[in-house]
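Reviewing the structure listed below.
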Amino acid sequence: MAAGPTYEPIATQTLSSIAASVTFSSIPGTYTDLILVASTANNSGATNLRLQFNGDTATNYSSTRIYGDGSSATSDRTSTAVSMSVGIIGASSTEFGVFTLQIQNYANTTTYQTVLARAGYASGYVTLTAGLWQSNAAVTSVLVNSSGADFVVGSTFTLYGILAA
Amino acid sequence: MSPILGIYASSKPPAAPNSYESIATSTVGVGGAASVTFSSIPSTYQHLQIRYISKSTSAFTSDAFSTVRFNGDSGSNYAMHALLGDGGSATSFAATSQTNAWIGLSPYGPSVTAFSGAVVDILDYANVNKNKTLRSLCGYDKNGGGAITLNSGLWINTSAISSMVITATSFPFAEYSSFALYGIKG
């Protein structure tokens, strides 16, 4: 059994002004998994919350998702993209969507990196996503953006590390 | 503080209370493994969580399923419901009287590229007044293929869970598949 804390907060960011993106950098490689939890909305309209790792802006990202809009369920995917879609974010100054992103075995340098995401906001969508970053580099930074829109004031983003035995 | 809902954070992370503990881990070596076992699970936690990445050794063009069986019970005492998206359609399915609980998919293919990720929650695993319920989120993407699933499972047995066997159907788990069991205190 691992000694000490197993589920640790690494860093948190709370926006006091609008921002196009949020970045967590210098992520230590000492954990087993990362979890990114976000409570956020944008100032434009329903669009995809997106991730990039380690400053990689090449077409190394893809995702498969299932989502519901209150009347139907749909599954689609994106391939060979410059960022990873991990859920749908809505536009509001008061209704924030919730995103929980699991980045498992992020520090392993053998496999590509997989992300599992749960997300939703009540007046819009609920989504489940599996994402892929085609790189076997350890994740050392994560950038989150809202596909060209700005995150609103009060948005919070917290990165946790989980340490296995 | 609730160990699940009360997770807190700040820019100066304090030492978090040990309410979420690592129990055991298992990583598949060269040659693969048909199953992974966690045994002698202490009953001192409130909930269990399994976190894993997996891949199938199958070279065929179909995914392998991952299942779990508790306390060596191979009877028809399991049931499940699932929601699945494969990038083209959203489907739902269910099964009763199964000999294990379905928890996800492992992608096929011989290379060490896309592994599935999964988080499986088993609530009140030591409560002897309840049948056992699990929830699993599992998925993978292969840049042009993939699937995401959410399912609930039932073990019709009120015994405390003291062991579990996670099995890859049809083809073994590939090398580098990795499984970690955590206990969450109440």
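For this structure, a couple of remarks:
- Taking both sides together, the accessible area buried where A meets B is about 3700 Å² for a 1.4 Å probe.
- Ellipsoid equivalent to the protein assembly as shown - semi-axes via the Cα gyration tensor, in Å: 30, 23, 20
- Dipole moment magnitude, nearest 20 debye, the protein assembly as shown about Cα centre, only Lys, Arg, Asp, Glu C-beta charged: 260
- Counting only DSSP beta bridges with both residues in region A:63-144, the antiparallel share comes to about 100 percent.
- Scoring A:33-40, A:82-89, B:33-40 by mean Cβ neighbours within 10 Å over their residues and listing the highest first yields A:82-89, A:33-40, B:33-40.
- Solvent-accessible area lost in complex, 30 Å² minimum, residues of region B:135-173 relative to chain alone, 1.4 Å: B:LEU137, B:ASP141, B:ASN143, B:GLY144, B:ILE148
- Given charges at Cβ of Lys, Arg, Asp, Glu: the protein assembly as shown dipole, positive-most of A:GLY154, B:THR37, B:ILE103: B:THR37
- Rounded accessible area per residue of chain B, 1.4 Å, Å²: 41
- Restricting the chymotrypsin sites (Phe, Trp or Tyr not before Pro) of region B:55-102 to loop positions (DSSP other than H, G, I, E, B) with no more than 16 neighbouring Cβ atoms within 10 Å leaves B:PHE60.
- If you take the Cα centroid of region B:51-117 and the Cα centroid of region B:129-157, the two points sit 8 Å apart.
- Computed over region B:120-186, Kirkwood Rh from alpha-carbon pairs, angstrom: 14.3
- Compactness of chain B, expressed as Rg and Dmax over alpha-carbon positions, Å: 16.8, 50
- Tail weight of P(r) past 19 Å, computed on alpha-carbon pairs of chain A, percent: 53
- Shielded by partner chains, region A:106-122 residues - at least 20 Å² of accessible area, 1.4 Å probe, vs chain alone: A:THR110, A:THR111, A:TYR112, A:THR114, A:LEU116, A:ARG118
The values are calculated or read from the model by the stated rules, or taken from the named source; none is laboratory data. Here the structure is a predicted model, which means the values were calculated and not measured. Backbone-built Cβ (ideal geometry, glycine too); neighbour counts: all protein chains shown. These accessible areas exclude ligands, DNA and RNA; they are computed on the full protein's heavy atoms, side chains included. Shrake-Rupley method; radii C 1.70, N 1.55, O 1.52, S 1.80 Å.
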